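Read-outs throughout are calculated quantities, based only on the coordinates presented, and are distinct from any laboratory measurement. Note that the coordinates shown come from a computational prediction; the quantities given were computed from them, not determined experimentally. Neighbour counts are summed over all protein chains in view; Cβ atoms, including those assigned to glycine, are modelled from backbone coordinates with ideal geometry.
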Amino acid sequence: MKRFRIACALCALIACGFPGCASEKLRYNLLLVTIDTLRADRLGCYGNRGASTPSIDRLARSGVMISNVTTQIPATIPSLASLFSSRLPHDSGLYGNRDHLASEETTLAEVLAGAGYRTMAVAYGVPSQGRGLEQGFHQYNGASPEPGNLPSVGFGTADEVSGRVEDWFSGETEEPFFGWIHFWDPHQDYSPPPPYDSMHGGSSDGLSSMVQFSDVFRREIELGPEELASSLALYDGEISFVDREIGKVLARLEQSGLTERTIVVLAADHGEDFYEHHRYIGHGRFLYEAGLHVPTILSGPHIPAGSVVEGDARLIDLAPTLLKLLDVPMPDSFEGRSFAGSLAGGGIERSLPTFSLLEDGSMMTRRDGWKLAVHRQTSTMELFDLMADPGERKNLADDATAKRQEMEESLRSWAKAFSDEATRPRNLPSEFEKRLRALGYID
Ligand SMILES: [Zn+2]
């Protein structure tokens, strides 16, 4: 990576050194906002009529909304690592929140820093502890990230996060910036401040401590209809609270006169299962759309306003897309494919299947509206026709056998990379390999 960074810095210098040669696009800023645990369908712009997400909806109207983006793993650190390194979890060696993105990996921030960008991040929650995601940022959580000496910020709320980026847009600087803001609030526990604690009709008073605290996301719980509705209302309240703070950040960007030359992107690391298929609220345990389908919105110069781009994309495709929009070369290590060419319309065409996995070895593939998931927790194989059955209610694994076999073969070929000597992932945990073997994925 370090060689790539030097090469890019040279490119930028050369581009700026010749009058008339400097690319206008090179000067665009990039503001990436990620929201932890935000499932796409809770946003107004993604069809939730009961939502109160005016800032995000306005952002969607000012730009392009990608209809169907899938996370490669519904867990915070591996997913964000996939986003920044544009690598599949097993290729970058991250499966769980305890894992660390290796310094050899090349990240979006490193590429942009190498291209002359000022890079800064405010990332609360699990990412506040670094985990390798700080690579390439000149400022991380407001302090310089010296190895082994990362600042400990703790779990900040959305208003604290937005307060920390106040000075990002002030002052005249020569170089463009890349800013990453990670909001943590919709992650359990769901405890939005007033008025968001009652905005969607929920009340924390009637909730049992099991629902309120994050230990629920590892086990099944019994909830009555009222408790479930209250949980969802509080989760929506957290999203509305974050939405207000995003509105403040975007207003500040506007007041600084930077909106016209800043690409703003909104994404999420994963969604949240909400009792749809099992007595479970959380993420990281199943591969249903509630946990995998994440919102992705892009707005800024040369991005058409108010359109929706249909088709399947992956979170690892986002970094290549952003580099394309910024006219910055993409490193060879990036596995994603830019969908920048589809933003003007026409939809995203994918000739390859999409894959996602869980730390326990469960895997999913989807293609042409069909989805096959093998869940280790329940030892089940589920096949869904997502076009006809977006709620994943009717398991067709025993009915559409030809389709199941075709997709199973695709999943097996993909999983084979875990055992082949040439493609075996670095740092593959022996436990993970054992699980794949137990599932019959590899010999
Ligand atoms: Zn997360």
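In order along segment 391-405, the phi-based Karplus estimate (6.51 cos²θ - 1.76 cosθ + 1.60, θ = phi - 60°) of 3J(HN,Hα) comes to x, 6, 9, 10, 6, 9, 4, 8, 9, 8, 5, 5, 5, 4, 5 Hz; Gly and Pro are listed as x. Amide H contacts of L101: G132, L133, each under 5 Å away and 5 or more positions distant or on a separate chain (H built 1.01 Å from N in the peptide plane; Pro and chain starts excluded). When you count the other C-beta atoms within 10 angstrom of each residue and take the mean per peptide, 251-262, 271-282, 86-97 line up highest first as 86-97, 271-282, 251-262. Which of G311, F355, A373 sits farthest toward the positive end of the charge dipole of segment 287-423, with +1 on the Cβ of Lys and Arg and -1 on the Cβ of Asp and Glu? Highest projection toward the positive end goes to G311. Database remark: amide H of R118 closer than 5 angstrom to the amide H of F177, F178 (H placed geometrically; neighbours at sequence offset of 5 or more, or on other chains; Pro and chain starts carry no H).
For an R0 of 41 angstrom, estimate the FRET efficiency from the Cβ-Cβ distance between N395 and D159 and round to the nearest 0.05.
Working: r = 43 Å, r/R0 = 1.05.
The computed FRET efficiency comes out at 0.40.
Residue ranges 103-112, 193-202, 342-351 sort as 103-112, 193-202, 342-351 when ordered by packing (mean number of other C-beta atoms within 10 Å per residue, highest first).
If R0 equals 25 Å, the separation of the Cβ atoms of A229 and Q139 corresponds to a calculated FRET efficiency of about 0.05. Under a 5 Å amide H cut-off, with hydrogens placed 1.01 Å from N, D189 pairs with S214 among residues at least 5 apart or on other chains. Once you order the gyration tensor axes a ≥ b ≥ c over the Cα atoms, which shape class does segment 274-363 get: rounded for a/c under 1.5, otherwise prolate or oblate by comparing a/b with b/c? Cα axes put segment 274-363 in the prolate bin. Residue by residue, segment 40-45 carries 3J(HN,Hα) couplings of 4, 6, 8, 8, x, 5 Hz when phi is fed to the Karplus relation 6.51 cos²θ - 1.76 cosθ + 1.60 (θ = phi - 60°); x denotes Gly or Pro. Across segment 308-317, computed HN-Hα scalar couplings (Karplus, 6.51 cos²θ - 1.76 cosθ + 1.60, θ = phi - 60°) run 10, 9, 8, x, 7, 9, 10, 4, 6, 7 Hz from first to last residue, x flagging Gly and Pro.
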